[in-house]
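The values are calculated or read from the model by the stated rules, or taken from the named source; none is laboratory data. The structure presented is a predicted model; accordingly, all values stated were derived computationally and were not measured. Cβ sites come from the backbone with ideal geometry, for glycine too, and all protein chains shown count toward neighbours.
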Amino acid sequence: MGLSLRQLARVADINAATLVNVEKGNGCTPRIEQKLSKALEVAHGALWHPVPQRLRRELNRKQDCRWLFVDQDEGKRYFEMHHLADEADFRRDPEEIQDEKERLRLGRNGLSSGFLFVTSALLTEYDIASGLLECYGRVHSPARAAKISTHYCLRGDLRLSFAEETIVLETGDSLALECRDEHWVEPLHPVGQHDLPPLMTYAAISPLPPL
């Protein structure tokens, strides 16, 4: 994800020594796992999945890409409200939100700040986080190590804030930048009951340590 151990410890609000212990494969408490999952923006339990193979190219077929809750806590509340599964089986990409009507219902009623359609890839030298963002409310992104990102506004108007600078993107506008700081994006205007949410493509590229 492009974070150093010190940065990850700060974002996750855990002790650096604890993080080193986890990295060595010694496990951790459920509370520490929850904090790390949120900081790394992965589903609960995904920390223990095998690391994907790093390739020179990665093809994402449309049937393999899915919409997911941009905010993990919002996804958990959705699971709890609909009794979809136990916490151990929680997923940020439930089948229900693959339907645009359900995403519209949740976003327009303030039950989700947004959804991501993920097309990310892990290459030999770079971690690429990319996809589409349907934005209904303010979406935060934590500080990262050296990262280059691009954003293109496909629909609607968006407000982006980086450090002390705020930028407005209108339909058709694009933005490319080097970003290390925490930042956020939100609709310039509230999304009404009959409005479509702003839609933005994004791609963030972070260098990886050598294999």
Exercise. Taking interchain pairs and intrachain pairs at least six residues apart, which have beta carbon atoms under 9 angstrom, with the first residue in the stretch 149-171 and over 26 Å from Asp127 (Cα atoms) and the second polar (S, T, N, Q)?
Worked result: Arg155/Thr171; Gly156/Thr171; Asp157/Thr171
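Can you tell me how many residues in the stretch 107-145 are assigned to a loop (DSSP other than H, G, I, E, B), β-branched (Val, Ile, Thr) and in contact (Cβ under 8 Å) with a residue 60 or more places away in the chain?
Step one: filter the stretch 107-145 for residues assigned to a loop (DSSP other than H, G, I, E, B), giving 109-113, 119-120, 124-125, 136-138, 142-145.
If we keep only those that are β-branched (Val, Ile, Thr) too, we end up with 119, 124.
Subset that is in contact (Cβ under 8 Å) with a residue 60 or more places away in the chain: 124.
Number satisfying all stated conditions: 1.
Can you say whether Ser149 is farther than 27 Å from Pro94 by Cα and surrounded by 20 or more Cβ atoms within 10 Å (Cβ to Cβ), as far as the supplied structure shows?
Details: farther than 27 Å from Pro94 by Cα: yes; surrounded by 20 or more Cβ atoms within 10 Å (Cβ to Cβ): yes.
Taking the combined requirement at face value, the residue satisfies it.
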Exercise. What are the pairs, 6+ residues apart or on separate chains, where a residue within the stretch 193-211 that is over 30 Å from Asn109 (Cβ atoms) has its Cβ under 7 Å from a residue that is surrounded by 14 or more Cβ atoms within 10 Å (Cβ to Cβ) and of a type in the set (Lys, Arg)?
Worked result: Ile205/Lys147; Ser206/Arg144; Ser206/Lys147; Leu211/Arg54
Seminar exercise, completed: Taking the stretch 133-146 and keeping only residues that are out of contact with any helix residue (DSSP H, G or I) (no Cβ under 7 Å at 6 or more places or on another chain), surrounded by fewer than 18 Cβ atoms within 10 Å (Cβ to Cβ) and of a type in the set (A, V, I, L, M, F, W, C), one is left with Ala146
Problem set entry | Within the stretch 183-211, tally of residues that are closer than 26 Å to Thr124 by Cα and either in a strand (DSSP E or B) or not hydrophobic (A, V, I, L, M, F, W, C) (or both) | 9
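Restricting the stretch 154-176 to residues that are of a type in the set (A, V, I, L, M) and touching a strand residue (DSSP E or B) at 6+ places or on another chain (Cβ under 6 Å), which is nearest to Leu111 (Cα to Cα)?
First pass over the stretch 154-176, keeping only residues of a type in the set (A, V, I, L, M): 154, 158, 160, 163, 167-169, 175-176.
With the extra rule that they be touching a strand residue (DSSP E or B) at 6+ places or on another chain (Cβ under 6 Å), the set shrinks to 154, 158, 160, 167-169, 175-176.
Details: Leu154: 23, Leu158: 19, Leu160: 21, Ile167: 26, Val168: 24, Leu169: 24, Leu175: 28, Ala176: 30 Å.
Filtering first and then ranking leaves Leu158.
In the set Asp99, Asp127, Asp73, which member is of a type in the set (Asp, Glu), under 21 Å from Lys38 (Cα atoms) and exposed (fewer than 12 other Cβ atoms within 10 Å of the Cβ)?
On the way: Asp99 fails: under 21 Å from Lys38 (Cα atoms); Asp127 fails: exposed (fewer than 12 other Cβ atoms within 10 Å of the Cβ).
Sole residue among the options that is of a type in the set (Asp, Glu), under 21 Å from Lys38 (Cα atoms) and exposed (fewer than 12 other Cβ atoms within 10 Å of the Cβ): Asp73.
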For this session: Just one of (1) buried (at least 16 other Cβ atoms within 10 Å of the Cβ); (2) on the phi < 0 side of the Ramachandran plot; (3) at pLDDT below 70 trips up Arg92, so point out which.
Result: (3)
Exercise. Residue check: is Ser149 assigned to a strand (DSSP E or B) and either of a type in the set (Gly, Ala, Ser) or farther than 29 Å from Asp64 by Cα (or both)?
Worked result: yes
Exercise. In the stretch 172-205, what residues are closer than 24 Å to Ile128 by Cα, modelled with pLDDT of 95 or more and not aliphatic (A, V, I, L, M)?
Worked result: Gly172, Asp173, Ser174, Glu186, Pro198, Thr201
Seminar exercise, completed: Those residues of the stretch 55-84 that are over 13 Å from Glu95 (Cα atoms), touching a residue at least 12 places away in the same chain (Cβ under 8 Å), charged (D, E, K, R) and outside any helix (DSSP H, G or I) come to a total of 4
